[in-house]
Amino acid sequence: MKVTLSPKGKIARQPNDNIKTIPDGIPAIIPAELYELAQYKLKHNRVDKSKVHLKPEDFLLKSHIFCKTCGYRMSGRYRIYDGNPIGYYRCNKSFNKYDACPDLTEIMASKVNTLVWEDCCRVFDAIELIRETIRARLEQDVQNFLERTQGKQQVVQLTYDIANAEIELAKHPEGSYTYNLIAEDIHRKREQLKKYAEESKNALTNESLLNIYQQNVLSTIKGKYHEATFKEKRNALDVLGVTVKINPAVHPAPPVTLIETDKEWLSLVEAGRLAGIDPDILSYRASRAEFVTTKRDESRRCTYVHRDDLNRYLPTLRLRPRLVHEAVQPRVEINYSPIFTGVQSSLIYTSIPSKTLMAG
């Protein structure tokens, strides 16, 4: 690497053009497949190992769950109810108030964890069919590669042509018209050879990764999916490439009942009775300065609101009924993109279209 200055005046590093790569110049210490799997794991460790919760089991979908509105990752947080911590997933795009997620989607962790794992169990129940489908697709990809490039035969033919061209090149003086034509042809054939060799290597890597994950991961929980440990569940989520997207809760607009009374100043209890809203809700919204309240001489214990101010506020009020807020099934989308079929482009060559479904 060489040190350069970027257009903004910052120090940057760029590859040195004089560096030469010698394939297999140093004997491998570990198999190439194991190295590729380690790179995949390192890529995800940044999320999985950072900010470990007190009880990691409460957030099974960590690094697998995203906000459907903005696409940002959702993180696990606790809320205290009656002295008990309750886990929630919440959209991470909340730090910049000018660019925050408009919905700030959140969902109860225990419910979505159970829903997603039950769906994974249904996938495991049909695992043999999935394995055969994946293997058939891999064989099809390899066959497409062979048909497109003639596989090893094309590599052998290019190697033979390059060798003959180099012999012919030596017969002509450097700089001559024929010499330049042959040199250009050799350069083009070497580029093609490099491309074909890389495609062939990637196609073989797919088959190796498939065997490793089938034997070492999926087989460990075969037949005991519902009794799997937290670590086994996390490994299975990685293998299946589970991605969960959460839609924001849809809150129906409450019926607006404007207050019609000759009395100008109303206590929150009176206002709640006339508007059909729990006075505690009005008190909470008033504490957040959503509308103006005041104290009056007739009762220092009560909080008062002006009738006209309240009528202006009521059409903007949005309630969140508990039953609507906790209905998680319509909000959850589960996608499957198995690790051995295209999750990491630098790791795997082929890809299988993800399975997308609405939970429930």
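Conditions tested, residue by residue: (1) at pLDDT 80 or above; (2) of a type in the set (Gly, Ala, Ser).
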| site | (1), (2) |
| --- | --- |
| 10 | yes, no |
| 27 | yes, no |
| 35 | yes, no |
| 50 | no, yes |
| 63 | yes, yes |
| 67 | yes, no |
| 73 | yes, no |
| 85 | yes, no |
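Any residue at all in the range 8-30 that's surrounded by 10 or more Cβ atoms within 10 Å (Cβ to Cβ), in a loop (DSSP other than H, G, I, E, B) and of a type outside the set (Val, Ile, Thr)? The answer is no, given that none of the residues of the range 8-30 is surrounded by 10 or more Cβ atoms within 10 Å (Cβ to Cβ), in a loop (DSSP other than H, G, I, E, B) and of a type outside the set (Val, Ile, Thr).
Out of the helices (runs of 4 or more DSSP H) lying entirely within the range 267-342, which hold 2 or more residues that are of a type outside the set (Gly, Ala, Ser) and at pLDDT 85 or above? Before you say what the answer is, go through the steps one by one.
Working: elements: 268-275, 279-287, 307-313, 322-325.
Filter on the range 267-342 gives 268-275, 279-287, 307-313.
Taken together, 304, 284, 313 contain a single residue that is hydroxyl-bearing (Ser, Thr, Tyr) and more than 23 Å from residue 103 (Cβ to Cβ), which is 304. Take residue 115 and tell me if it is part of a helix (DSSP H, G or I) and at pLDDT below 85. Judged against the criteria, residue 115 is not a match.
Taken over the range 55-100, the residue count meeting the criterion of being surrounded by fewer than 19 Cβ atoms within 10 Å (Cβ to Cβ), part of a loop (DSSP other than H, G, I, E, B) and out of contact with any Pro (no Cβ under 9 Å at 6 or more places or on another chain) is 12.
The values are calculated or read from the model by the stated rules, or taken from the named source; none is laboratory data. Every value quoted in this text rests on a predicted model; they were computed, and no experiment measured them. Reconstructed Cβ throughout: ideal geometry from the backbone, glycine too, with neighbour counts over all protein chains shown.
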